[in-house]
Amino acid sequence: MGDLLVDVLREAFTPTTAAFALAAIGLNFHFGLTGLLNMGQAGFMLLGMYGFAITIREGGSIWLAVLVALALAVAFGVLLGWPTLKLRGDYLAIVTIAAAEMVRYLGRSQNFNDLTGASTGIRGNEFKGPFENLSPFPDRMVEIGPFALHGTRSTSWWLVVVAWSIVAIFVVVFWRLSRSPWGRVLKGIREDEDAVRSLGKNVYSYKMQALVIGGAIGAVAGVIWSLGASVQPDSMGRPTTFWVWTLLLLGGAATIFGPVLGSILFWSSLVLVKGLAALWIPDDVLSQQELEPFSLVLVGITLMGLVIFRPQGMLGDKRELAFND
Amino acid sequence: MKRSLDTRVALRALVVFLIAAVALTWLLSTQSTAVATEFAGFASASSVDAAGPPAVSEALALTDAKVATEVAPTPEQTAVSESQSRVFQNVFNGIVFGLMLALASVGLSLIYGTTGLSNFAHGEQVSLGAMLAYFFATDQPVSIPLTPWEFVIGWPLWLASLAAIAIAGASGWLQDRFLWGKLRKRGIGVVQQLIVSIGLSLAILNFLQWWIGPNRIRLSKAIEVRQQVGPIQVGAITMMSIVIAGVALVGVAFFLQRTRLGRATRAVSDNPALAAASGIRVDSIIRLVWIMAVSLAALGGILMALYDNGTKFDVGAKLLLLMFAAVTLGGLGQPYGALAGSLVIGVVVETSTLWLGPDLKYATALGILIIVLLVRPQGILGRAERVG
């Protein structure tokens, strides 16, 4: 029981949680501010991690790698937005989900084995070096309170610090931008596109900016995720996008801390549910390997329940809803 | 008026399909002649005898027995007919695949037409059908989640399939009765419903994995013997699947075109408010559409499992985007458009393996989807209307 509590608390601050919070902040630009149904956030994340990992593997510096990751996400966003931002919302949903899957299919295709490593992906030791060399933490296990993490390698204290700093930066960025005139135009588009158009704003261009910025944040999230694990195309399939959506809606779309709170709650409660189920439900009813799908069934039901009964999430304001048709 | 419109729509579909077919054969023939001339040039340069090597002439004998026996094959002919037979085979496979895809996407399109919902859980209805059929048909012990008992059902495949389709249909009724109907009544917008359907798809997908397990399963142990029919190879199970899929699709068309209920369905699809005003019970029509759509998807899942010689809990999740591509290509909400779109997508997906690796075949369909949205967002059959 005590171990479970430590596990749950540990999950609350792992780099994965930070990466998903970041991806949700990106999605918050799309959906929360602008009302865009981007169902391909995992595609942005995957492109980001490919750009980062491949650049470093080919000998680029870490800053160049981040730039490449961002550039890929920007290009992807422009490419996606160009045909679809003039269309109705559900078209954007279909196209983004299709495009994200296409990125994954191309990434795991044997044709690009030399570049992307096909379905095995890119192993951590091929691209984590430069990042880990920057670490000021010792190169061994470090215990802080009940939590033991490595100082430098993979899912490390170094990555935790960097990941949450980036999350903090983007929370501030979101806060400032959403309160700016630019953010108000986006909210206007979300509420009534035609009204904003009649004020002489170029709705298409604003939507494109939101899509690109959110996508770039998604790419950064992908980079952080890959630094904690490895580049693996199949881990960035549709379920990943859906998780980002679930945790954004859980925390509250269009809110400043919603994505962060949502991510922490989502991943901690997933660990909690699995732990409790393993403790209380006998093994012949729910075996160890059935725990994962079981908990994901609960995620699906949570998403449905949230959207139906509390679309504003935990922190949101019922009057400021991102859903409109 | 209605009539003439329908024939026009059908004509347009035919024209588009013909153009696609012509373009495809043209592309392929230029490619194969390129190969052939290369081959011929090579042959003359090295002055090989007119008779081809045994392996090649054997392949030729398969495709065109007469030529093989009467005329000594030249290398040129061999190259052409060999690549052509591959093309024919792939196009045929594509049509079969497209028919099965159509079973699923017609339902998706009907649901979109009558309710405006892009149902992201529709792929899971396909998997559900296949998994249910497996559950009833397999001779392995099965169990129901959260119950400790294991038992063997082992029904014959036809009975299992019928049971699976019936249960799937019932689940469609349940879904509309207790989920989508309620949401509509509460006035929840289609965007919210779309995200609800995503939640539902996550739930069903993982439920199926929990229930059936992550391994590839087979509905039937029979090994299909393929026979040569003209330029293509086809087996009995495939023929049967084509017939069943064809009958089901013709049945849907008959229903939509000739029956009162079908006409009411099209009316709701056109304009729900107007349909309600003219005395059609919109909610029962939508419920019927849900039952139909889910049963058709289940049938598609079962046939696809037989055709592919196996299936998996996430088969539908992979198909979902192809369905969306087909439905968008045909025009969202147009059932015949979904049929035409599915055939095009099926053929494209299968023939793309001639040039690209098989692991990229779904990617081509998604590419088409994006191009269609760029060029003609209302689809082949959709009316030109503002969709933004």
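Numerical summary
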read-out: Residue in region A:247-257 that is part of a helix (DSSP H, G or I), away from every other protein chain (no Cβ under 13 Å) and in contact (Cβ under 8 Å) with a residue 60 or more places away in the chain present; value: yes
read-out: Options A:Gly222, A:Gly228; residue that is in contact (Cβ under 8 Å) with a residue 40 or more places away in the chain and in contact with a Pro (Cβ under 8 Å, 6 or more places away or on another chain); value: A:Gly228
read-out: Scope region B:117-158; condition more than 14 Å from chain A (Cβ to nearest Cβ), assigned to a loop (DSSP other than H, G, I, E, B) and among the aliphatic types (A, V, I, L, M); matching residues; value: B:Val152, B:Ile153
read-out: Tabulated pairs, region B:220-243, first within 13 Å of B:Asn309 (Cβ to Cβ), second hydroxyl-bearing (Ser, Thr, Tyr) and at pLDDT below 85, C-beta under 9 angstrom, 6+ apart or interchain; value: B:Ile237/B:Ser220
read-out: Residue tally, condition part of a helix (DSSP H, G or I), more than 8 Å from chain A (Cβ to nearest Cβ), closer than 20 Å to A:Leu298 by Cβ and of a type outside the set (A, V, I, L, M), over region B:166-219; value: 5
read-out: Any hit, region A:151-158, residues being buried (at least 18 other Cβ atoms within 10 Å of the Cβ) and of a type in the set (S, T, N, Q); value: yes
read-out: Selection within region A:305-325 - modelled with pLDDT under 80 and within 12 Å of chain B (Cβ to nearest Cβ); value: A:Leu321, A:Ala322, A:Phe323, A:Asn324, A:Asp325
read-out: One residue from B:Val234, B:Val289, B:Val252, B:Val294 being surrounded by 15 or more Cβ atoms within 10 Å (Cβ to Cβ), part of a strand (DSSP E or B) and either on the phi > 0 side of the Ramachandran plot or of a type in the set (A, V, I, L, M) (or both); value: B:Val234
read-out: Odd one out for B:Leu373, checked against (1) within 14 Å of chain A (Cβ to nearest Cβ); (2) in contact with a helix residue (DSSP H, G or I) (Cβ under 7 Å, 6 or more places away or on another chain); (3) modelled with pLDDT of 80 or more; value: (3)
read-out: Region B:346-360: number of residues that are within 20 Å of A:Ser119 (Cα to Cα) and surrounded by fewer than 19 Cβ atoms within 10 Å (Cβ to Cβ); value: 5
read-out: Test: residue in region A:307-325 that is of a type outside the set (Val, Ile, Thr), part of a helix (DSSP H, G or I) and touching a residue at least 40 places away in the same chain (Cβ under 8 Å); value: no
read-out: So A:Arg238, is it within 14 Å of chain B (Cβ to nearest Cβ) and over 24 Å from A:Leu315 (Cβ atoms); value: yes
read-out: Residue within region A:39-56 that is without any contact (Cβ under 8 Å) to a residue 40 or more places away in the chain and more than 19 Å from A:Ala163 (Cα to Cα) present; value: yes
read-out: Some residue of region A:123-134 being of a type in the set (Phe, Trp, Tyr) and more than 14 Å from chain B (Cβ to nearest Cβ); value: yes
read-out: A:Leu79 within 14 Å of chain B (Cβ to nearest Cβ) and buried (at least 24 other Cβ atoms within 10 Å of the Cβ); value: no
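The values are calculated or read from the model by the stated rules, or taken from the named source; none is laboratory data. Bear in mind the structure is a predicted one, so any value in this text is a computation, not a measurement. Every residue, glycine as well, gets a Cβ built from its backbone with ideal geometry; the counts of neighbours run over all protein chains shown.
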